[in-house]
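Worksheet: one structure, shown below.
Computed from the coordinates by the stated procedures, all read-outs in this text should not be read as laboratory data. Nothing here was measured: the structure is a model prediction, and the numbers come from that model. We place every Cβ from the backbone using ideal geometry, glycine too, and count neighbours over all the protein chains shown.
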Amino acid sequence: MGIEGLLYPRSAALIGASPKEGKLGNVLFKNMASFPGRFYPVNPKYGEIGGVRCYPSVSALPEVPDMAVVIIPADPALRVIEECGRVGIKNVVVITAGFKESGPEGAMRERRLVEIAERYGINVLGPNCFGLISTEAGLNATFAVRGALPGNIAFLSQSGAFCTSVLDWAWKEKLGFSHFVSLGNKAVLNEAHFLRPFAEDPDTKVIVAYLEGISDGGAFIRIAREVVKTTPIVILKAGRTEAGARAVSSHTGTLAGSDAAYEAAFRKCGVIRARNVEELFDYAYALAKQPAPKGRRVGVMTNAGGAGVMASDAVEEHGLELARFSEDTAVELGKFLPPAANIYNPVDVLGDAHLDRYKKALDLVIDDPNVDMVVSLSAPAPLISFAELARAVAEAMRRSGKPITVSFMAGELGEEAEEVLREAGIPSYFDPSRAVRALAVLRRYAEIKGKVWEEPRDLAADRERVREIFARALAAGKAQLGVEALDVLAAYGIPVPPGGLARTPEEAEGIAERIGDPVVLKLVSPDLVHKTEVGGVVLGVPAREAGRRAEEMLTRASAHFPRARIEGVLVQRQMPPGQELILGSTRDPQFGPLVMVGFGGIFVEVLRDVAFGIAPLSPGEAREMVASMRGYAILRGVRGRPGVDVEGVVAALERVSHLVHDFPEIVELDVNPLLAYPDGVVAVDLRITLSKGER
């Protein structure tokens, strides 16, 4: 069911309206009384409030309103919400607290609230929320002292306190919103429900959110990936997930931390992540006001050399490029700039420049065909005013259609200029690096918008074989599988060394003779995790000695670890040295299986050169993950050292991602090492943790 009645109501009721100053019901009443639609206060104690007729109950209203706002205590609120359902109200904002945030009793109330909402098909926003504002509908259904200015930013927040702070700050900055929504406990409606309606609103140019968690990771990724094709999404994600806090035993789980899943999910669906509040609104303003650049090339204009250097550094730091001017531009700049000026990027017109000199140089730079966007810098100068310069910058942007940001490094001297720039929709900052960062996010969104999203492909795999291996293990009470389960990888087309599990010395010798010299012997025990530390791995064993060495290993293990379950010895062909990598997976509660690739072996937790993604991966996603590793150049070959089969690594990562997606019982998985060679890859060690949960 749609939420148009929340975002564009024509009629609204306030349940708990009050004439008493200092009551939230009175603050809400005053805010909602200015609503141009039909407004119905509800409170059985009063016949009228502030000259507006007050109704004793929802059932007594003259019509079924598009939405109702509830601001009465939690227990009676549940009864009233059920009454809303009976009369046919489909949208309810529950500002009331006292639900799951307040403990076990509140959690029971919230479950009851969800049951009511499901029975009557009610869109519930909250509970325990700040309310919502729709500037398009003229509705302020919050307890803010002031509402919001009209604008083209749609805002979501999981924190009510953050809402009040943002609104107060936005008035000072004259920043406007199309919609302003507090999510509260997200009992029914969550962030994913608002993305598509916001994107379909012609007055919304960017969606901005403060979130402490995402309720339905799969739905969020699916919807966000669709939405970013037309509307950028910027999210400030705070807090930690349970996955990061719980104890983990695999390398992947240890390295993932609490935030890797969100990083991977946002990358998968094209969400732009802000690291702090400053970035959140810097990005929002730039994306809402500025056109998209056609490329990454930046022209830098300045009358102060230091500012130009700072901006040039920021261009490189943010992945942009300093534009190389055309020969014509350099020649024209040289005709009128003083000899001490710099006619190459960054262009420094010097501190004694008057407006005409700066403006003429700016026009040449912004018109250069090799320039995609411009950052305009200025320090206080004797012959030019910031207001005049701001008007020149605004005119240059209007004429060229190219994005431009500004850093006028001034205080009170720049106040009039700030007004001019705000009217023109030009982001302005004291710090040159912030001005460049705003350009970088414009380019980043242009790349997201132009990206062709590749879906995961169907991979051939022997899933029945894997199902049987897991069923046998769980039936035997085994949650931990090791190298004896390498057949799981083979079933998904991931190469493994030839070999087999020997339960007796004679079997070990027979397997060794079949696969040839030399072999590796690995003790198989679910109770001994790090086998190298207990003498459970022996390298370079001749086939003829495999039986004797296996017997020694089994005897030693039984003597030193009498309580450990010893299942035998895995006999494998010893692979030649190769580049050691790790493939892994851990399960995130919001987004499901999180897969990892990185440099492996004994240094995996030291180097921590890893990349994460949400399963299942498309071939392109797997390739991007591998290429994002800091040591990627080593895989490609460097300083005469041959490279490895990168596509083989990519294929193995893709196949592992499908394995863990197909089998939700895989809680954690490590392939360490995956040996990569110039002509292929081989998985030589494995560790899997299974759960007994339902598929």
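Can you sort Ile221, Ile153 so the residue with the fewest Cβ neighbours within 10 Å comes first?
Fewest-to-most ranking of Ile221, Ile153: Ile221, Ile153.
Determine the dipole magnitude for the chain: charges of +1 sit on the beta-carbon of Lys and Arg, -1 on that of Asp and Glu, nothing else is charged, the reference point is the Cα centre, and the result goes in debye to the nearest 20.
Taking the Cα centre of the chain as origin, the dipole is about 1100 debye.
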Next on the checklist: What distance in nm separates the two pseudo spin-label positions at Ala340 and Arg398, each 7 Å out from Cα along the beta-carbon direction?
Outcome noted: 3.5
Checklist entry - Measuring from label point to label point, each 7 Å out along Cα→Cβ, what is the Ala564 to Arg465 span in nm? => result 2.9
Checklist outcome for this item: The FRET efficiency for Asp363 and Ala627, from their Cβ-Cβ distance with R0 = 35 Å and rounded to 0.05, is 0.30
Next on the checklist: With n ≥ 4 as the cut-off for DSSP H runs, can you work out [θ] at 222 nm for the chain, using -39500 (n - 2.57) per run divided by the number of residues, rounded to the nearest 500?
Outcome noted: -12000 deg cm²/dmol
Next on the checklist: I need the trypsin sites (Lys or Arg not before Pro) found in the stretch 300-370, filtered to DSSP loop residues with at most 16 other beta carbons within 10 Å of theirs.
Outcome noted: Arg324
Checklist outcome for this item: Relative contact order of the stretch 579-690 (C-alpha contacts under 8 Å, at least 6 apart) in percent is 32
Checklist entry - Between Rg and the Kirkwood Rh of the stretch 4-239, both from Cα atoms, what is the Rg to Rh ratio? => result 0.95
Next on the checklist: For q values of 0.10, 0.16 Å⁻¹, compute log₁₀ I(q)/I(0) with the Debye formula on a Cα-only model of the stretch 579-690, without solvent.
Outcome noted: -0.25, -0.65
Checklist outcome for this item: Quick note on Val227, Val331, Val87, ordering by fewest other C-beta atoms within 10 Å, gives Val331, Val87, Val227
Item to check | the stretch 470-510-the stretch 266-333 distance, computed between alpha-carbon centres (Å) | outcome: 54
Next on the checklist: About the Cα centre, and with charges only on the beta carbon of Lys, Arg (+1) and Asp, Glu (-1), how big is the dipole of the stretch 302-357? Nearest 20 debye, please.
Outcome noted: 160
Checklist entry - Where the centre of each part is set by its Cα atoms, how far does the stretch 616-695 sit from the stretch 139-187, in angstrom? => result 44
Checklist entry - Do the alpha carbons of any pairs in Lys268/Lys451; Lys186/Lys692; Lys237/Lys451; Lys174/Lys205; Lys237/Lys294; Lys268/Lys449 sit beyond 20 Å of each other, and which pairs? => result Lys186/Lys692; Lys237/Lys451; Lys237/Lys294
Checklist outcome for this item: Taking the alpha-carbon centre of each part, the distance from the stretch 32-59 to the stretch 353-392 in Å is 56
Item to check | Charge dipole of the stretch 498-574 about the Cα centre (unit charges at C-beta), most positive-ward option of Ile566, Leu521, Pro542 | outcome: Ile566
Checklist entry - Okay, which of the stretch 605-637 sit inside 20 Å, backbone N to the point 7 Å along the Cα-Cβ direction of Arg275? => result 608-612, 628-631
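Pulled fully out, how much extra length does the chain show between Arg119 and Arg457, if you take 0.36 nm times their separation in residues and subtract their Cα-Cα distance?
My answer for the length gained is 117.8 nm.
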Checklist entry - Roughly what would the spin-label model give for Arg639 and Arg146, points 7 Å off Cα along C-beta, in nm? => result 6.1
Checklist outcome for this item: Note on the chain: contact order normalised by length, alpha-carbon pairs under 8 Å, 6 or more apart, percent, works out to 8
Checklist entry - In percent, how large is the relative contact order of the stretch 4-239, given Cα pairs closer than 8 Å and 6 or more residues apart? => result 16
Item to check | Charge dipole (debye, nearest 20) of the stretch 326-456; +1 at Cβ of Lys and Arg, -1 at Cβ of Asp and Glu | outcome: 240
Checklist outcome for this item: For the stretch 476-574, listing trypsin sites (Lys or Arg not before Pro) in a DSSP loop whose Cβ sees at most 11 other Cβ atoms within 10 Å gives Arg563
Item to check | Leading residue at positive end of dipole, the stretch 291-450 (Cβ point charges), from Asn303, Leu439, Leu364 | outcome: Leu439
